[in-house]
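Notes to accompany the following structure.
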Amino acid sequence: MMPPINWPVIYPELAICITAFIVLIVDLFLPGRHKWVLSLISIFGVLVALQIVFMNFGLKGDTKAFFGMVVSDATGLYFKTIFCIGTLLAIFVSITYQRREFPEVGEFYTLMLLSTFGMMIMASALDLITIFLGLEMMSIPLYVLAGIYRGRYRSREAALKYFLLGAFASGFLLYGIALIYGAFGTTNITRIVELIADGKPYSPFFVGVGSVLVLIGLAFKAGVVPFHMWIPDVYEGAPAPVTAFMSAGPKAAAIVAILRIFVITTPVIDLTWVFWVLAVVTMTWGNILAINQNNIKRMLAYSSIAHVGYLLVAITVGGEEGVSSAAFYLLVYTIMNIGAFAIVVLFAEREEFYENISDYAGFGSRFPFAAITMTIFMASLGGIPGTAGFVGKFMIFSGAINHGFYWLAVIGVLNSLVSIYYYLRVVVAMYMRQPQTRLVDIAISPSLMIAIIITLLLVIQIGIFPDNWLSLAKQAASLAF
Amino acid sequence: MSMLIFYILAIVAVVSALMVVTLRNVFHSALFLVLTLFSVAGIYVLLEAEFLAAVQVLIYVGAITILMIFAIMLTYQITSKSIRQVNEQVIPAVIIVLVFFVLSLVTLIKTSWPVSNKSLPGNNTFEIGRQLLSTYVIPFEVVSIVLLIALIGAIIISRQDGPSRPGQEDR
């Protein structure tokens with residue numbers, strides 16, 4: 001008997017998708033100076049989706065829908081919450097920048113929303129085909145967004161690089177899915193788990209090669225070393241608000257797909273040692289290369305690679321503890337990273353592009369509030385106690401110790417210490433260096449201010465009272481097992 | 001007999017695929033791509049997947065390669081130019097590709113393929129249509145949105161009145 005359609009499961013996705021098309025159509029009729037209406041519609045749409053996600057936490061009965069293609073479980077809903085928060089903050093960060101730099105492109109918000117739609121599909125997918133399509137849905141708008149600043153050479157370069165490498169990675173993912181389909185005769189993850197439980201014979205070698213190829217495709221999107229080559233160039237070339245957007249949500253989406261395929265379902269083959277090696281390499285390589293960067297966007301790009309390394313530690317640990325610490329860390333990472341990028345956007349709001357760390361000299365006395373906020377975000381990214389980043393790292397490394405991965409925890413902690421060095425470089429530049437040129441005023445836009453204040457409050461609040469957020473992440477993980 | 005046809009088609013497909021990535025003239029590469037895709041369509045016919053074969057010819061041969069040939073012809077002086085398809089990293093690339101090739105070859109040979117004894121439904125296309133609009137309706141709908149956003153993205157990137165500010169060109 002076929003399961004029913006079960007519409008409510010995909011209501012959040014529908015809300016985002018419909019908002020995207022409303023924005024697209026309204027954009028046609030709006031004259032250039034009223035494009036700000038589009039951002040309001042987008043914000044409203046994301047808030048509606050967020051509300052539906054919260055309502056779906058209480059969904060009773062069978063949460064699978066559309067013939068087992070999608071599911072609305074606690075893990076998926078938790079990640080959808082992260083995507084909604086990330087997109088909401090990214091829209092706030094973008095408004096002024098978009099109006100100043102590319103006012104004609106009203107489709108900017110459509111692209112952002114549809115990318116979020118793809119991430120949500122990935123979070124709720126229970127079928128490899130659906131995961132692949134969600135990934136494409138997420139990536140194609142990102143390729144365009146990276147190159148939306150057509151007047152700048154670097155933006156075009158970023159878009160082309162991202163597109164070519166992304167298409168190549170999709171090929172790996174698709175080939176892996178084909179091999180897994182060949183081994184089991186189905187692409188449905190639930191069905192594959194059932195088949196294995198029934199003792200159906202399969203060739204482990206075959207499934208292993210397929211799984212590794214799928215992992216390569218997803219690891220590319222998450223930015224795992226050695227598939228990270230595109231990240232610094234794309235993050236540097238893309239407009240700063242777009243970088244803020246794509247450093248948070250898409251990474252979380254790739255991680256949730258990895259969790260679903262390799263951790264939450266009974267693992268078909270044991271890939272623990274693969275994840276162990278990837279975690280160590282990613283953490284170390286990201287941190288070492290970040291030390292020498294002068295451009296703040298490049299520095300944050302390498303730091304984001306290092307953060308994916310910490311997430312891989314949680315994936316290596318696996319089980320309930322691994323999933324919950326990864327889920328919690330992704331929420332924290334989304335908030336603090338978008339916050340840091342919001343400050344970068346704030347300082348970039350002038351005639352020239354203030355993107356080098358040395359350009360930040362003297363900001364401490366000139367813009368005290370922004371400088372203090374940046375200091376807090378840097379402390380949080382580095383994992384200094386009292387901030388959200390510390391709680392996140394603590395959960396991941398304590399999970400590693402509880403499960404006997406002592407070396408992994410040691411390497412992780414050493415890496416965090418290294419990372420504090422380059423985060424502090426920004427703070428030192430702001431407070432202890434004299435500016436080379438006279439600093440001009442920055443016009444503070446209210447929307448950017450909203451984003452900065454929300455992220456700041458959340459980083460401090462999660463850092464001091466993490467209990468509610470932790471239990472939310474625990475719930476997301478516990479129901480999955 | 002069908003084995004013989006398969007080998008002919010397979011050899012044509014592989015050889016012309018090699019031509020696509022080695023020839024120095026873009027236009028010739030595009031023509032060999034047509035040949036590759038045609039042979040793959042032939043293999044689909046051998047496997048009694050007529051619908052796939054028709055789609056392969058219509059979309060890949062009919063639409064995509066023709067578009068590529070148009071793009072090549074419209075691009076200024078690209079057809080007469082001789083291009084190099086390899087760069088200085090060709091040797092490591094060949095090694096990695098060979099390793100991957102051997103690995104997939106071993107995989108394909110070692111696997112016991114699950115074989116279904118069920119006979120094919122008499123009307124393949126009918127069954128595919130039913131599946132697309134029942135079990136696979138979510139992927140089907142998502143694909144349509146993916147295509148739409150690809151279209152919108154292409155328009156945003158290529159339109160003339162877009163955000164171009166010559167003053168801010170940084171290189």
Starting from the Cα coordinates of region A:327-451, work out the convex hull volume and express it per residue in Å³. 105
Strictly greater than 16 Å: what percent of every Cα pair in region A:155-254 meets that? 62
Can you show me the helix-derived [θ] at 222 nm for chain B, built from DSSP H runs with n ≥ 4 at -39,500 (n - 2.57) apiece and divided by the number of residues, rounded to the nearest 500. -21000 deg cm²/dmol
Would you mind listing how long region A:261-330 runs along its three principal axes, going by Cα atoms, in whole Å with the largest first? 44, 23, 16
Residue (of A:370, A:12, A:277) at the positive-pole extreme of chain A, dipole from beta-carbon charges: A:370
Just tell me which lysines come within less than 16 Å, Cα to Cα, of residue B:118; anything on the same chain fewer than 8 places away is out. none
q = 0.10, 0.16, 0.17 Å⁻¹, chain B: log10 I(q)/I(0) [Debye, one scatterer per Cα]: -0.66, -1.36, -1.39
Relative counts (whole %) of C-alpha pair distances in region A:271-481, using bins that are 5 Å wide: 1, 8, 15, 19, 18, 15, 10, 7, 4, 2, 1, 0
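Placing unit charges on C-beta atoms (Lys and Arg positive, Asp and Glu negative, everything else neutral), compute the dipole magnitude of region A:204-319 about its Cα centre in debye, rounded to 20. Before the final figure, lay out the partial values.
Details: 5 positive and 3 negative charges, 32 e Å.
Computed about the Cα centre, the dipole is about 160 debye.
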Pairwise centroid distance, computed over Cα atoms, of region A:94-154 with region A:368-387, Å: 29
Taking the protein assembly as shown, the equivalent ellipsoid from its C-alpha gyration tensor has semi-axes in Å, biggest first, of 40, 30, 25
For region A:348-424, the dipole about the Cα centre with charges only on Cβ (Lys and Arg +1, Asp and Glu -1), to the nearest 20 debye, works out at 380
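Quickly estimate the mean residue ellipticity at 222 nm for chain A, helices only: each DSSP H run with n ≥ 4 gives -39500 (n - 2.57), and the total goes over all residues, rounded to 500. Present the calculation step by step, with values, prior to reporting the outcome.
Working: 19 runs with 355 residues, N = 481.
Using -39500 (n - 2.57) per qualifying helix, the result is -25000 deg cm²/dmol.
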Is there a quick way to get the dipole size of the protein assembly as shown? I mean about its Cα centre, with the Cβ of Lys and Arg at +1 and of Asp and Glu at -1; what is the value in debye to the nearest 20? 780
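Each reported figure results from applying straightforward, stated rules to the coordinates on display, with no laboratory input. Every value quoted in this text rests on a predicted model; they were computed, and no experiment measured them. Neighbour counts are summed over all protein chains in view; Cβ atoms, including those assigned to glycine, are modelled from backbone coordinates with ideal geometry.
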